[in-house]
1. I need the shape label for region 289-434. Rule: rounded when a/c is under 1.5, else prolate if a/b > b/c, else oblate, with a, b, c from the alpha carbon gyration tensor.
2. Using alpha carbon centroids, what distance separates region 36-63 and region 259-293, in Å?
3. Around VAL46, under 9 Å between beta carbons, what's the net of Lys plus Arg minus Asp minus Glu among the other residues?
4. With the crude spin-label approximation of a point 7 Å out along Cα→Cβ, what separation in nm comes out for THR174 versus GLN109?
5. Working out 0.36 nm times the residue gap between GLU223 and VAL324, then minus their Cα-Cα distance, what length gain in nm do you get to one decimal?
6. To the nearest whole percent, what portion of all C-alpha pairs in region 40-285 is separated by more than 25 angstrom?
7. By accessible area of protein heavy atoms, probe 1.4 Å, what ranking do TYR332, TYR341 get, highest first?
8. Ignoring everything but the protein chains, give the 1.4 Å probe accessible area of THR130 in square angstrom, nearest 10.
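The values are calculated or read from the model by the stated rules, or taken from the named source; none is laboratory data. Source: prediction; values computed, not measured. A quick note on method: Cβ atoms are made from the backbone with ideal geometry, for glycine too, and the neighbour counts reach across all protein chains shown. These accessible areas exclude ligands, DNA and RNA; they are computed on the full protein's heavy atoms, side chains included. Shrake-Rupley method; radii C 1.70, N 1.55, O 1.52, S 1.80 Å.
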Amino acid sequence: NNEKTVPQLLIRDLKFEKKSLAKLMFSPDQENHPSKAPVKYGELIVLGYNGSLPNGDRGRRKSRFALFKRPKANGVKPSTVHIACTPQAAKAISNKDQHSISYTLSRAQTVVVEYTHDSNTDMFQIGRSTESPIDFVVTDTVPGSQSNSDTQSVQSTISRFACRIICERNPPFTARIYAAGFDSSKNIFLGEKAAKWKTSDGQMDGLTTNGVLVMHPRNGFTEDSKPGVWREISVCGNVFSLRETRSAQQRGKMVENETNQLQDGSLIDLCGATLLWRTAEGLSRTPTVKHLEALRQEINAARPQCPVGFNTLAFPSMKRKDVVDEKQPWVYLNCGHVHGYHNWGNKEERDGKDRECPMCRSVGPYVPLWLGCEAGFYVDAGPPTHAFSPCGHVCSEKTTAYWSQIPLPHGTHTFHAACPFCAHQLAGEQGYIRLIFQGPLD
């Protein structure tokens, strides 16, 4: 056993130049003329993408979407309520310039709530539809998919007009989420089968077919964050406990002491894709891509070596994040020993998936390591010392610890922890592993 004679290092042992990294910690907004920058409310980042969509970000379809203060307010708020099939109700629905929500109670009765312009708020809409009212087009996330062709065959469970976010135009720029979005005719229709009800103050409310779920983390989005409780948000922004299954007719219990106000690190699940909300303030404390690039160069400068081939290992550049490079580090997921790629220790009888680590003889999966490039998923600016299992995405210890505790909705009634960079379900006892690199022999 040559383990004791070989210099091993954990990445945290590298002496990272804190001062030089601190300069890189400012968000891109702060680097560009702060006085001229438009007010940013926050950003939505889709889980499962490591910095961009597989075929590249295009137009309104991308892996992250920034919400900026609009030149002119476009928010709406409820005003007149029409009951039954009155001419006014029919007029409200057919009026293309009038926002309205229609609650179909029976064939004979519909309640229509007219919405009026609100000069104090901006509205942003999210959904699967590519029609113009949708600001951010979101498609179903397929774990580990390398191209959009992998995702097209799946029957989507994301609503065409899934949800809307209303931001206050004045400080503190509060953002609130509501289920359902207005279509091209400025209408939201809740059909006969949708769960809907009259509230105690005589207003109407309802839930969408597959629902909009939200989880606010405890202690914000920091290295001390802990998972919160998943809730369902109604069309009017009220908070409910989850239904038995996503589309059950019976709504959950109303949670009086919680609100639909988004906070840094809130997760929004649209049944097919999960979005992370980061506030502008939260993003200013988050590592930037420049910072992650500095950490990558810092690791590569330490010249970690393969303990078998003695060749120097290097993480490929962030732009080449899907192609395995010949210098790419690989890891044995059971023990964390990092190697270069080699054919040693292949277990034929195990379908070739499990390998025996030459350093400690533990047997398990052997995978390439990839840097987590989506900075918005990091809870701190720590060095990349740990990797998610089984995908091999590398980030800080506290980031792996946080995401491994988060139960993300999967399908219509199950939850499991997943890697935020590729959406693969986590495996093993913890869902992540500490990396053990070997230093150069000279």
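1. Verdict is oblate for region 289-434.
2. Cα centroid of region 36-63 versus Cα centroid of region 259-293: 11 Å apart.
3. Details: positive: LYS62, ARG64; negative: none.
With Lys, Arg at +1 and Asp, Glu at -1, the neighbours total +2.
4. It is 3.3 nm.
5. Working: separation 101, 0.36 × 101 = 36.36 nm, distance 3.08 nm.
Value of the extension gain: 33.3 nm.
6. 43
7. TYR341, TYR332
8. 80
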